[in-house]
Amino acid sequence: MVSSSSNQAKPSSDLTLREIPGSYGVPFFGPIKDRYDYFYNQGKDEFFRTKIQKYNSTVFRTNMPPGPFISSDSKVVAVLDSKSFTILFDNSKVEKKDILDGTYMPNLNFFGGYRPCAFLDTAETDHHALKSLFLSFLASSHKKFIPYLRTSLAEMFEIMENEIASDKTSDFNANSDNMAFEFVFKLVTGVSPSETKIEAKGPSTVDTWLALQLAPLGTAGLKFVPNYIDDIIHTVRLPFFVIKSGYKKLYNAIYDSSASLLDEAEKSGIKREEACHNLVFLAGFNAFGGMKVLFPSLIKWVGSGGESLHKRLAEEIRSVVKEGDVTFSALEKMTLVKSVVYEALRIEPPVPFQYAKAREDLVIESHDSKFEIKKGETIFGYQPFATKDPKVFENPDEFIADRFVGDGEKLLKYVYWSNARETDSPTADNKQCPAKDLVVLCSRMMLVELFLRYDTFTAEIGQLALGTSIKITSFTKAT
């Protein structure tokens, strides 16, 4: 439901230029204090919420982790409403060089000594070449998406059924990770990981590789570990050598099985080795890493809708599929399925943080004020606040399955999970996720396969250091 006119922002001409509120505190100690508030004393959401209330502004200055000694400069300008957040998408005004992970850059050993496309700015020549390669690959693989997904999802649900029959419960996260890795690896290489030397170790290898890079942005999540011990991962970089041999096996498996794609890269002027390290990043970080967070989140929110939502989804999916097979055109007819996926991406985006640096002095706008940002300042967006902006979405903290049905589709331009508006499309010259449409398709297919097989399901929901924990306790087979 679209917000009422009384909630709309003031016209730009009516906005007052305001100095950006907030403080970075005492050098060295200020970033550490903010880090402890962010991770331990308050938690992410309360950290930002408290500052919004304190400064009466959704735009303010603060420090972002990790801070000392990993980050040399933790100062950011936070933009936490739907309107100001969009400055992060304007590549003419902001730069995205080496800022994917925020105020620090992982050691290049994690990427074979190369800077992956995700760390390149749009003004860099290699960005256009690499992103073009990705987009071309995805376009040429279009016909494989649904068959590969259906096969992988069918195997996953059969395994989970057997686990529930024998153990009364099934770990959705583990099975979803295995399914996602199988699908992504086969899509990139044309072969199953079991046919390579990586065998069944793919998900655990990528998990370790991701954890070592991203440790400064999270906590270990261990209840009985004192904060000052946990905080070590925010002060000392974890070494690459822990995963060196595993990464080499993953790299070799992709290199040996992706000859045609690597040939295309060389024709485009990209070094074969650089292209392969980028494929590892695309498959492991962008695709698998995103699915690892997104799929459990999707199942959590669908599970929260209970049997009534499950019934509506099953009826829509089965009535459409009854007319034929599961096709792209059939999926487009499933308006509730589409809305549920978009709502899951809105309420809990898989990548909550976005960063950029101002290319020039610029003025940004929130709903209430204008603010001047100086050239070179780091801009930080916490997406869960931007996509739960009460001036855009009614009942923003509530999961509303049909929010984007009918007139609700007008709100899709305020869904930002892909590093752009949902209504935009990735190109070689922007920073939008190249696999944006594939991610949405995978999520829809997850629901389609689920409710073609089952009328409903029950689950136990928990929290992990990264995302949601799902234990499926029952499936009720389709009647």
- [ ] Hey, can you tell me all the residues within the range 355-372 that are open to solvent by 70 Å² or more (accessible area, probe 1.4 Å) and closer than 12 Å to Ser57 by Cβ?
- [x] Asp368
Task: In the range 403-420, residue least open to solvent (accessible area, probe 1.4 Å) [restricted to those that are part of a loop (DSSP other than H, G, I, E, B) and closer than 18 Å to Leu135 by Cα] - done: Ser418
Task: Residues being of a type in the set (Asp, Glu) and touching a strand residue (DSSP E or B) at 6+ places or on another chain (Cβ under 9 Å) - total across the range 444-465 - done: 2
Task: the range 22-37 residues that are in a helix (DSSP H, G or I) and open to solvent by 90 Å² or more (accessible area, probe 1.4 Å), paired with ones that are at pLDDT 95 or above and of a type in the set (A, V, I, L, M, F, W, C) (beta carbon under 9 Å, 6 or more apart) - done: Lys33/Val26
Task: Considering residues of the range 146-190 that are among the basic types (Lys, Arg) and part of a helix (DSSP H, G or I) only, the residue farthest from Phe295 (Cα to Cα) - done: Lys186
- [ ] With a cut-off of at least 2 residues that are surrounded by 15 or more Cβ atoms within 10 Å (Cβ to Cβ) and among the hydroxyl-bearing types (Ser, Thr, Tyr), name the helices (runs of 4 or more DSSP H) lying wholly within the range 235-307.
- [x] 244-257
- [ ] Test Met160 against the stated conditions and say whether it is aliphatic (A, V, I, L, M) and out of contact with any Phe, Trp or Tyr (no Cβ under 8 Å at 6 or more places or on another chain).
- [x] no
TODO: Check Glu182 against each of (1) open to solvent by less than 20 Å² (accessible area, probe 1.4 Å); (2) under 25 Å from Leu441 (Cα atoms) and name the one condition it does not meet.
DONE: (1)
Open item on the list: Suppose the filter is closer than 15 Å to Tyr382 by Cα, touching a residue at least 60 places away in the same chain (Cβ under 8 Å) and open to solvent by 50 Å² or more (accessible area, probe 1.4 Å); does Lys83 pass it?
Closed with: yes
TODO: Could you tell me whether Arg61 is closer than 25 Å to Pro216 by Cβ, open to solvent by 10 Å² or more (accessible area, probe 1.4 Å) and free of Cβ contacts under 8 Å to residues at least 24 places away in the same chain?
DONE: no
- [ ] Test Ile373 against the stated conditions and say whether it is more than 23 Å from the chain's Cα centre (by Cα), β-branched (Val, Ile, Thr) and closer than 19 Å to Lys97 by Cβ.
- [x] yes
- [ ] Residue by residue through the range 191-204, note down the ones that are open to solvent by 20 Å² or more (accessible area, probe 1.4 Å), more than 22 Å from Ser297 (Cα to Cα), part of a helix (DSSP H, G or I) and of a type outside the set (D, E, K, R).
- [x] Ser194, Ala200
Open item on the list: Among the residues of the range 313-372, what is the count of those that are outside any loop (DSSP other than H, G, I, E, B) and free of Cβ contacts under 8 Å to residues at least 60 places away in the same chain?
Closed with: 8
- [ ] Evaluate the range 89-107: report whether one residue or more is within 28 Å of Ala386 (Cβ to Cβ), within 21 Å of the chain's Cα centre (by Cα), in a strand (DSSP E or B) and not small (Gly, Ala, Ser).
- [x] yes
- [ ] Within the range 424-447, identify whether any single residue is in contact with a His (Cβ under 8 Å, 6 or more places away or on another chain) and either open to solvent by 50 Å² or more (accessible area, probe 1.4 Å) or not in a loop (DSSP other than H, G, I, E, B) (or both), and answer yes or no.
- [x] yes
Open item on the list: I'd like the residue in the range 138-155 that is touching a Leu at 6+ places or on another chain (Cβ under 7 Å) and not polar (S, T, N, Q) and, out of all such residues, is nearest to Met179 (Cα to Cα).
Closed with: Tyr148
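Just checking, how many residues over the range 221-234 are loosely packed, with under 14 Cβ neighbours inside 10 Å and on the phi < 0 side of the Ramachandran plot?
Of the residues in the range 221-234, 9 are loosely packed, with under 14 Cβ neighbours inside 10 Å and on the phi < 0 side of the Ramachandran plot.
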Task: Unique match (being touching a residue at least 24 places away in the same chain (Cβ under 8 Å), out of contact with any helix residue (DSSP H, G or I) (no Cβ under 7 Å at 6 or more places or on another chain) and among the polar types (S, T, N, Q)) among Ser176, Ser166, Ser141, Ser132 - done: Ser132
Task: In the range 5-27, residue farthest from Ser369 (Cα to Cα) [restricted to those that are modelled with pLDDT of 95 or more and touching a Pro at 6+ places or on another chain (Cβ under 9 Å)] - done: Gly25
Task: Selection count, the range 393-425, where residues are of a type in the set (A, V, I, L, M, F, W, C) and over 30 Å from Lys311 (Cβ atoms) - done: 1
Task: Residue that is most open to solvent (accessible area, probe 1.4 Å), among those in the range 138-177 that are out of contact with any Pro (no Cβ under 9 Å at 6 or more places or on another chain) and of a type in the set (Phe, Trp, Tyr) - done: Tyr148
Task: First in the range 97-112 and open to solvent by 30 Å² or more (accessible area, probe 1.4 Å), second anywhere and of a type in the set (A, V, I, L, M, F, W, C), Cβ under 6 Å, 6 or more apart - done: Asp98/Met105; Asp98/Phe119; Leu100/Ala118; Leu100/Phe119; Asn107/Phe240; Asn109/Phe240
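The values are calculated or read from the model by the stated rules, or taken from the named source; none is laboratory data. These numbers were taken from a predicted model, which means no experiment stands behind them. Virtual Cβ from ideal backbone geometry, glycine too; neighbours counted across all protein chains shown. Quick note on the areas: whole protein, heavy atoms, side chains included, nothing else; ligands and nucleic acids left out. Shrake-Rupley method; radii C 1.70, N 1.55, O 1.52, S 1.80 Å.
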